[in-house]
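**Q** Input: one structure, supplied below.
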Amino acid sequence: MDLARTAFYLDGQWVTAGSGETVAVRNPATEEVVATVPAGTAADVDRAVAAARAAFPGWADTAPADRAARLDRLHAALTARAEEIARTVALELGTPLKVATRVQAGLPLAVLHSYVELAARPPVDETVGNSLVVREPVGVVGAITPWNYPLHQVVAKLAPALAAGCTVVLKPSELTPLTAYLLFEAIHEAGYPPGVVNLVTGTGPVVGEAIAAHPDVDMVSFTGSTATGRRISHLAADRIARVALELGGKSANVVLDDADLATAVKVGVGNAFLNSGQTCTAWTRMLVHRGRYDEALDLAARATAGYRLGDPFDPATRLGPLVSAAQRERVDGHVARGLADGGRLVAGGPEAPLPERGFFVAPTVIADVDPDSALAQEEVFGPVLAVIPFDDEDEAVAIANNSRYGLAGAVWSADAERALRVARRLRTGAVDINGAPFNPLAPFGGYKQSGLGRELGRYGLDEFLQTKAIQR
Ligand code: NAD
């Protein structure tokens, strides 16, 4: 399999451009370079933005039914590649193939499908007194995405932007750019007008900054770290461009005294370790009522023992490596600091056995974590669960909200009303009660430093529309 990619997708064609330099893509399970992609430059971004700008008026005027039909064709073209997508994510990110098939390929296909219908019936004009209030597409969108859900993060921007009538320039993460090539093959097959969707690969500081700072980009939609989100906001502020930011998290899983403890802990551990903990919504702080704390730690240790590390392509593997050596180093540092700060090791840790090669970190549970300590405050982005006891509901809520983040969270209780009461008190963009399933139509996004704006469903579509009042 020759995975060397040499072109960008600009103005409806594959175009060889870039600085002539390449970015290497590694298989994190073997540490080997498996592919290269071209390193874009500011000139490549100029070209992509010019194509998107030229395509905008025509695409904005296209009938909603046409836009929906094209998204439907894209969905079909991508569905035909579902297996290849799962294998590519397993290769470039290390997600176990089984999980990659269900989540990394399945979720974006579901999201894309939801926008086929939403594109067909965009928000209708509204009469307010003597005004006609109309919604119009924002314009050219720069989309900058991370590596942890390489296709989902892209589709969560691209599908609503296209449904709204915007045109797009995408820069995927340089760590996992291969999935984006499969998406653009499908886009080409679906037959979008030239310039409506464009791909430039490369690094954040070069291609990402050029997009965020570009005077002809009307909106930057970004998913990634809070630090980069801050930088992008500064760049966009210079020209008052709109930004949508999906950033980090440190979500609390509140296990009340009347919870079904076995399920709460099993699902909680699974959530914290999903995708090797590289999930922005991961419930990385488990808050357990003191009366059931020891029992919960015992259950957490036993659940953790079931997470077998290994080759992402081996069906027996439940946990893959982290995406890079740098990420592994960062996570190892968080574990060491958590233990030095008084945390008690319950499972995993620095001495746990690891595969010989690959950027692996053992799934780790640390108890008695001080809610103010680094391990309870910083986003780790690895398979590391901090467990914290509480005495009553008020204390649980106070600990949960003691965070500069506010992305997600969970509540477990046998009493549905009580769980809802606690869920309402959490200062986060989402809360799951008793392991309720993910809803791809529900708004997704953060309070506080977890971001600005919402993705998914009609809320995601709204982000790419602006509002005009016409008085008559
Ligand atoms: P990152 O911020 O380093 O990179 C994200 C993207 O931004 C990449 O494409 C990168 O090339 C680009 N980038 C980097 N520097 C840039 C700059 N100066 N200007 C413009 N673009 C730049 O994040 P990451 O390490 O790829 O992803 C991990 C982080 O993303 C975690 O903090 C995680 O919580 C967060 N995340 C959030 C969500 C969410 O929906 N809230 C989803 C996934 C990941």
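Here's the yes/no breakdown for (1) more than 15 Å from the chain's Cα centre (by Cα); (2) away from the ligand (no atom under 11 Å from the Cβ); (3) open to solvent by less than 30 Å² (accessible area, probe 1.4 Å); (4) not aromatic (Phe, Trp, Tyr):
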{"site": "Leu426", "(1), (2), (3), (4)": "yes, yes, yes, yes"}
{"site": "Asp432", "(1), (2), (3), (4)": "yes, yes, no, yes"}
{"site": "Pro437", "(1), (2), (3), (4)": "yes, yes, no, yes"}
{"site": "Pro440", "(1), (2), (3), (4)": "no, yes, no, yes"}
{"site": "Pro443", "(1), (2), (3), (4)": "no, yes, no, yes"}
{"site": "Ser450", "(1), (2), (3), (4)": "no, no, yes, yes"}
{"site": "Leu456", "(1), (2), (3), (4)": "no, no, yes, yes"}
{"site": "Tyr459", "(1), (2), (3), (4)": "yes, yes, no, no"}
{"site": "Asp462", "(1), (2), (3), (4)": "yes, yes, no, yes"}
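**Q** Any idea which residue in segment 265-295 is nearest to Ala396 (Cα to Cα), counting only those that are in contact (Cβ under 8 Å) with a residue 40 or more places away in the chain, more than 16 Å from the ligand (Cβ to nearest atom) and open to solvent by 10 Å² or more (accessible area, probe 1.4 Å)?
**A** Looking at residues that are in contact (Cβ under 8 Å) with a residue 40 or more places away in the chain, more than 16 Å from the ligand (Cβ to nearest atom) and open to solvent by 10 Å² or more (accessible area, probe 1.4 Å), I get His289.
**Q** Quick one: in segment 215-228, which of the residues that are within 7 Å of the ligand (Cβ to nearest atom) and under 14 Å from Gly445 (Cα atoms) is surrounded by the fewest Cβ atoms within 10 Å (Cβ to Cβ)?
**A** Only one residue tops the list, namely Ser225.
**Q** Take Val169 and tell me if it is in contact with a helix residue (DSSP H, G or I) (Cβ under 6 Å, 6 or more places away or on another chain), among the hydrophobic types (A, V, I, L, M, F, W, C), within 13 Å of the ligand (Cβ to nearest atom) and within 23 Å of His113 (Cα to Cα).
**A** Values: in contact with a helix residue (DSSP H, G or I) (Cβ under 6 Å, 6 or more places away or on another chain): yes; among the hydrophobic types (A, V, I, L, M, F, W, C): yes; within 13 Å of the ligand (Cβ to nearest atom): yes; within 23 Å of His113 (Cα to Cα): yes.
Yes, satisfied.
**Q** Turning to a different aspect of this structure: Go over the candidates Arg302, Arg318 one by one and state the one that is touching a residue at least 40 places away in the same chain (Cβ under 8 Å) and not aromatic (Phe, Trp, Tyr). Give the derivation first.
**A** Numbers: Arg302 fails: touching a residue at least 40 places away in the same chain (Cβ under 8 Å).
So the residue among Arg302, Arg318 that is touching a residue at least 40 places away in the same chain (Cβ under 8 Å) and not aromatic (Phe, Trp, Tyr) is Arg318.
**Q** Need the failing condition index for Pro355 against (1) farther than 21 Å from Ala100 by Cβ; (2) open to solvent by 10 Å² or more (accessible area, probe 1.4 Å); (3) not hydrophobic (A, V, I, L, M, F, W, C), just the number.
**A** Among (1) farther than 21 Å from Ala100 by Cβ; (2) open to solvent by 10 Å² or more (accessible area, probe 1.4 Å); (3) not hydrophobic (A, V, I, L, M, F, W, C), Pro355 violates only (1).
**Q** Also, I was wondering about something else. State all residues of segment 16-40 that are part of a strand (DSSP E or B) and touching a residue at least 24 places away in the same chain (Cβ under 8 Å); if no residue qualifies, say none. Walk me through how you get there before you give the answer.
**A** Pass one, segment 16-40, residues part of a strand (DSSP E or B): 22-26, 33-38.
Across segment 16-40, the qualifying residues are Val23, Val25, Arg26, Val34, Ala35, Thr36, Val37, Pro38.
**Q** May I ask you to verify whether Ala262 is within 22 Å of Ala296 (Cβ to Cβ), without any contact (Cβ under 8 Å) to a residue 40 or more places away in the chain and either more than 10 Å from the ligand (Cβ to nearest atom) or in a loop (DSSP other than H, G, I, E, B) (or both)?
**A** Numbers: within 22 Å of Ala296 (Cβ to Cβ): yes; without any contact (Cβ under 8 Å) to a residue 40 or more places away in the chain: yes; either more than 10 Å from the ligand (Cβ to nearest atom) or in a loop (DSSP other than H, G, I, E, B) (or both): yes.
Against the criterion (within 22 Å of Ala296 (Cβ to Cβ), without any contact (Cβ under 8 Å) to a residue 40 or more places away in the chain and either more than 10 Å from the ligand (Cβ to nearest atom) or in a loop (DSSP other than H, G, I, E, B) (or both)), Ala262 qualifies.
**Q** Could you tell me how many of the residues in segment 120-154 are touching a residue at least 60 places away in the same chain (Cβ under 8 Å), of a type in the set (A, V, I, L, M, F, W, C) and closer than 23 Å to Gly195 by Cα? Talk me through it step by step, then tell me what you get.
**A** From segment 120-154, those touching a residue at least 60 places away in the same chain (Cβ under 8 Å) are 122-123, 128, 130-151, 153; that's our starting set.
With of a type in the set (A, V, I, L, M, F, W, C) added as a condition, the list becomes 128, 132-134, 138, 140-141, 143-144, 147, 151.
Imposing the further condition that a residue be closer than 23 Å to Gly195 by Cα reduces the set to 138, 140-141, 143-144, 151.
Matching residues across segment 120-154 total 6.
**Q** Quick test for you: out of Ala52, Ala76, pick the one residue that is outside any loop (DSSP other than H, G, I, E, B), modelled with pLDDT of 95 or more and within 28 Å of Arg135 (Cα to Cα). Step through it out loud before you land on a result.
**A** Numbers: Ala76 fails: within 28 Å of Arg135 (Cα to Cα).
Answer to the check: Ala52.
**Q** Determine whether segment 336-346 contains at least one residue that is in contact with a helix residue (DSSP H, G or I) (Cβ under 6 Å, 6 or more places away or on another chain), farther than 23 Å from Leu407 by Cβ, open to solvent by less than 60 Å² (accessible area, probe 1.4 Å) and at pLDDT 95 or above.
**A** yes
**Q** Considering only segment 234-246, I want to know if a residue exists there that is within 7 Å of the ligand (Cβ to nearest atom), under 19 Å from Glu455 (Cα atoms), modelled with pLDDT of 95 or more and buried (at least 24 other Cβ atoms within 10 Å of the Cβ).
**A** Within segment 234-246, one or more residues are within 7 Å of the ligand (Cβ to nearest atom), under 19 Å from Glu455 (Cα atoms), modelled with pLDDT of 95 or more and buried (at least 24 other Cβ atoms within 10 Å of the Cβ).
**Q** While we're on this one: Name the single residue, out of those in segment 193-214 being surrounded by 24 or more Cβ atoms within 10 Å (Cβ to Cβ) and away from the ligand (no atom under 12 Å from the Cβ), that is nearest to Ala325 (Cα to Cα).
**A** Among residues in segment 193-214 that are surrounded by 24 or more Cβ atoms within 10 Å (Cβ to Cβ) and away from the ligand (no atom under 12 Å from the Cβ), the one nearest to Ala325 (Cα to Cα) is Leu199.
The values are calculated or read from the model by the stated rules, or taken from the named source; none is laboratory data. All of these numbers come straight from a predicted model, not from anything done at the bench. FYI the Cβ positions are ideal-geometry reconstructions off the backbone, even for glycines, and counts take in every protein chain you see. In case anyone asks, the SASA skips ligands and DNA or RNA and just uses the protein heavy atoms, side chains included. Shrake-Rupley method; radii C 1.70, N 1.55, O 1.52, S 1.80 Å.
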